[in-house]
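Input: a single structure, listed below in structure tokens.
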Amino acid sequence: MPMLQLEDINVYYGAIHALKGITLSVEEGQIVSLIGANGAGKTTTLRTISGLLRSKTGGITFFDKPLQKKSAEYIVCSGISHCPEGRRIFANMTVSENLEMGAFTRKDKKEVAATLKTVYEHFPRLKERMFQMAGTLSGGEQQMLAMGRALMSKPKLLLLDEPSMGLAPLLVKEIFTIIKEIHEIGTTVLLVEQNARMALSISDYAYVLETGKISLQGEARALSESEDVKKAYLGG
Ligand code: ATP
């Protein structure tokens, strides 16, 4: 049984049919990536899993429990955390206040403090800047903060939307190293990326999304060797 299963997901924005019958699964312990061009529906897929958008058909299960019709808060409490595209940090709050917001569903202060310590271990740059206003962080630091905040709910499954967006190559490398570390401590990851090469290099399995439909799927290594994927997403 997969950890997460999406079955025949159809999502609309008014008259726009953004997801057209998406079926996909994520096995516990894996890194699964979702790649595809702009507007293919990657962000929409993550927002639907998080309960921010609703599918007209089908269903989503997490550890065999249905998620559709559940609130976004219920979904966070059940172990899914979403690190959104464009970071969406709270600019007028400090780094540490942003991180505390990520633990809003948790009651045990001691355990939250232990998670905060782990987050600072993964992101020493955030620790150095804990009292700095988040809006004054660099782009890469803001990405780290968004990821750290998502980890504060201690998720079993982390949804990561375009973590490499707008970052210089060295920082992209750093962010991907951190994703691998987060995965190694036992977090399953569903990664949305335009940087298909980097995404495939750390993933076990991948799906290619094209205009709201899955056009290809397979082991990440096999996909990165596929001629179609090379031509369309890996620059030939
Ligand atoms: P990108 O990499 O550019 O973020 P994406 O694969 O994440 O792309 P989505 O953001 O999921 O794509 O968008 C899928 C489709 O839904 C696009 O055609 C987009 O224009 C449309 N769409 C997304 N959000 C809205 C909205 N709020 N209202 C109307 N249409 C939307």
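The values are calculated or read from the model by the stated rules, or taken from the named source; none is laboratory data. Owing to the predicted nature of the structure, the values given are computational and were not obtained by experimental measurement. Cβ sites come from the backbone with ideal geometry, for glycine too, and all protein chains shown count toward neighbours. With ligands, DNA and RNA removed, areas are computed over all heavy atoms of the protein, side chains included. Shrake-Rupley method; radii C 1.70, N 1.55, O 1.52, S 1.80 Å.
Across the range 55-74, which residue is nearest to the ligand (Cβ to nearest atom) among those that are surrounded by 13 or more Cβ atoms within 10 Å (Cβ to Cβ) and assigned to a loop (DSSP other than H, G, I, E, B)? Show your work before the answer.
To start, the set of residues in the range 55-74 that are surrounded by 13 or more Cβ atoms within 10 Å (Cβ to Cβ) comprises 55, 58-63, 67-68, 70, 72, 74.
Subset that is assigned to a loop (DSSP other than H, G, I, E, B): 55, 58, 63, 67-68, 70.
Numbers: S55: 13, G58: 17, F63: 25, L67: 18, Q68: 18, K70: 21 Å.
Restricting to residues being surrounded by 13 or more Cβ atoms within 10 Å (Cβ to Cβ) and assigned to a loop (DSSP other than H, G, I, E, B), the top hit is S55.
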Residue list for the range 43-54, restricted to those being out of contact with any Leu (no Cβ under 8 Å at 6 or more places or on another chain), within 12 Å of the ligand (Cβ to nearest atom) and open to solvent by 50 Å² or more (accessible area, probe 1.4 Å): L52
In the range 181-231, residue nearest to I80 (Cα to Cα) [restricted to those that are among the small types (G, A, S), in contact (Cβ under 8 Å) with a residue 60 or more places away in the chain and more than 13 Å from the ligand (Cβ to nearest atom)]: G186
Among residues of the range 2-20, those that are more than 11 Å from I214 (Cβ to Cβ) and open to solvent by 50 Å² or more (accessible area, probe 1.4 Å), counted: 8
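Any residue at all in the range 148-160 that is at pLDDT below 90 and under 22 Å from S33 (Cβ atoms)? Step through it out loud before you land on a result.
Within the range 148-160, the subset at pLDDT below 90 is none.
Looking for residues that are at pLDDT below 90 and under 22 Å from S33 (Cβ atoms), one finds none in the range 148-160, hence no.
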Checking M130 against (1) in a loop (DSSP other than H, G, I, E, B); (2) open to solvent by less than 30 Å² (accessible area, probe 1.4 Å); (3) not small (G, A, S), the condition it does not meet: (2)
Filtered residue count, the range 142-178, keeping only those that are without any contact (Cβ under 8 Å) to a residue 24 or more places away in the chain and either surrounded by 22 or more Cβ atoms within 10 Å (Cβ to Cβ) or among the hydrophobic types (A, V, I, L, M, F, W, C) (or both): 1
Lone unmet requirement of (1) within 7 Å of the ligand (Cβ to nearest atom); (2) within 14 Å of the chain's Cα centre (by Cα); (3) more than 17 Å from P163 (Cβ to Cβ) for G14: (2)
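Looking at this structure, is D228 of a type in the set (D, E, K, R) and open to solvent by less than 60 Å² (accessible area, probe 1.4 Å)?
Values: of a type in the set (D, E, K, R): yes; open to solvent by less than 60 Å² (accessible area, probe 1.4 Å): no.
Here the answer is no, as D228 does not meet what is asked.
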Residue pairs meeting the criteria (Cβ under 6 Å; at least 6 apart or on separate chains; first in contact (Cβ under 8 Å) with a residue 40 or more places away in the chain and open to solvent by 10 Å² or more (accessible area, probe 1.4 Å), in the range 21-42; second more than 14 Å from the ligand (Cβ to nearest atom) and not in a strand (DSSP E or B)): E27/P2; E28/M3; Q30/D204
Criterion violated by G139 - all others in (1) more than 16 Å from the ligand (Cβ to nearest atom); (2) open to solvent by 20 Å² or more (accessible area, probe 1.4 Å); (3) in contact (Cβ under 8 Å) with a residue 60 or more places away in the chain satisfied: (3)
Count - residues of the range 179-224 that are modelled with pLDDT under 95, open to solvent by less than 10 Å² (accessible area, probe 1.4 Å) and on the phi > 0 side of the Ramachandran plot: 0
Some residue of the range 222-233 being assigned to a loop (DSSP other than H, G, I, E, B) and either under 30 Å from K110 (Cα atoms) or under 17 Å from the mean Cα position of the chain (by Cα) (or both): no
